[in-house]
Amino acid sequence: MRMIAENVKKINELVTAACLRSGREPSSVAILAVSKTFSSSWIREAAEAGIRDFGENYVQEFLKKYRELQDLTLRWHFVGHLQTNKVKSVINILHLIHSVDSLRLGEEISKRAVAVNRMADILVEVNTSGEPSKFGVPPEETADLIKALLRLPHLRVRGLMTIGPLNVEMPRVRQAFRTLRELRDESLKEGFVGEEFRELSMGMSSDFEIAIEEGATIIRLGTAIFGPRRTKKVKENLEVQHETYSA
């Protein structure tokens, strides 16, 4: 049995409590439902519970859901690793791309945004945990990448994104989030970014309260909203369907 409405209600309560502990307004934190592997009917139910921002990881899966849900007013985010050859198919329908970690990807997004005459909003993904398995620019290279991206037309750098370390003690998780906030604040202080450079996309189902305490403006929640992810077998079937769909 789905418990999406109840889950969203509980999350809103936890977000409010974390904001109060941090001296923040609950409205300063956006809840992004990460809906990868969940069908459109699950997204509809989350939308009925008040969620308007949804994040996807796989382009073909996203496009299928986008077409099925055009009757709803939703804001779509891309939170997975975006390949340059997939940018063209999503550039005109994404609200925010969270995972830009190279100038090459930024240049492709800029090129495609120019072609459709729209501004593309992006976040720079930073690997604040130092884990080699994660995507993201190293913290010490972040400022240089931001400066290079800011020179590209039709590209608006809105802030930073990170994924906290998994299966570690909470102080390490907190430090990863704190590092991202410090990088944003240093960029603002140095003056090479404008006031629109405010977003901190960080915190998932297991650590979003810590992320809020460290300044998150967007939290990315999957399991906390939808429950456990689909099984591996279901995911494999979905991937086969995606390949058929894209042919």
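In table form, for the structure just shown:
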item	result
Residue check, R198 at pLDDT 95 or above and within 23 Å of E131 (Cα to Cα)	no
The lone exception for E214 - which of (1) under 18 Å from V34 (Cβ atoms); (2) surrounded by 15 or more Cβ atoms within 10 Å (Cβ to Cβ) it fails	(1)
Residue match in the stretch 43-66 (condition: free of Cβ contacts under 8 Å to residues at least 24 places away in the same chain, in a helix (DSSP H, G or I) and either more than 22 Å from E125 (Cβ to Cβ) or not hydroxyl-bearing (S, T, Y) (or both))	no
Number of positions in the stretch 8-44 that are closer than 24 Å to K64 by Cβ, crowded, with 18+ Cβ neighbours inside 10 Å and either out of contact with any Gly (no Cβ under 6 Å at 6 or more places or on another chain) or of a type in the set (V, I, T) (or both)	10
Of all residues making up the stretch 166-206, the number that are within 16 Å of the chain's Cα centre (by Cα), surrounded by fewer than 23 Cβ atoms within 10 Å (Cβ to Cβ) and not in a helix (DSSP H, G or I)	6
Qualifying residue in the stretch 20-41 (condition: under 28 Å from Q83 (Cα atoms) and in a helix (DSSP H, G or I))	yes
Filter result for D71 (touching a His at 6+ places or on another chain (Cβ under 8 Å) and either free of Cβ contacts under 8 Å to residues at least 60 places away in the same chain or among the aliphatic types (A, V, I, L, M) (or both))	no
Only one of I109, I146 that is touching a helix residue (DSSP H, G or I) at 6+ places or on another chain (Cβ under 6 Å) and buried (at least 17 other Cβ atoms within 10 Å of the Cβ)	I109
So R2, is it touching a residue at least 24 places away in the same chain (Cβ under 8 Å), part of a loop (DSSP other than H, G, I, E, B) and surrounded by fewer than 14 Cβ atoms within 10 Å (Cβ to Cβ)	yes
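The values are calculated or read from the model by the stated rules, or taken from the named source; none is laboratory data. All figures in this text were calculated on a predicted structure; none of them were measured in a lab. A quick note on method: Cβ atoms are made from the backbone with ideal geometry, for glycine too, and the neighbour counts reach across all protein chains shown.
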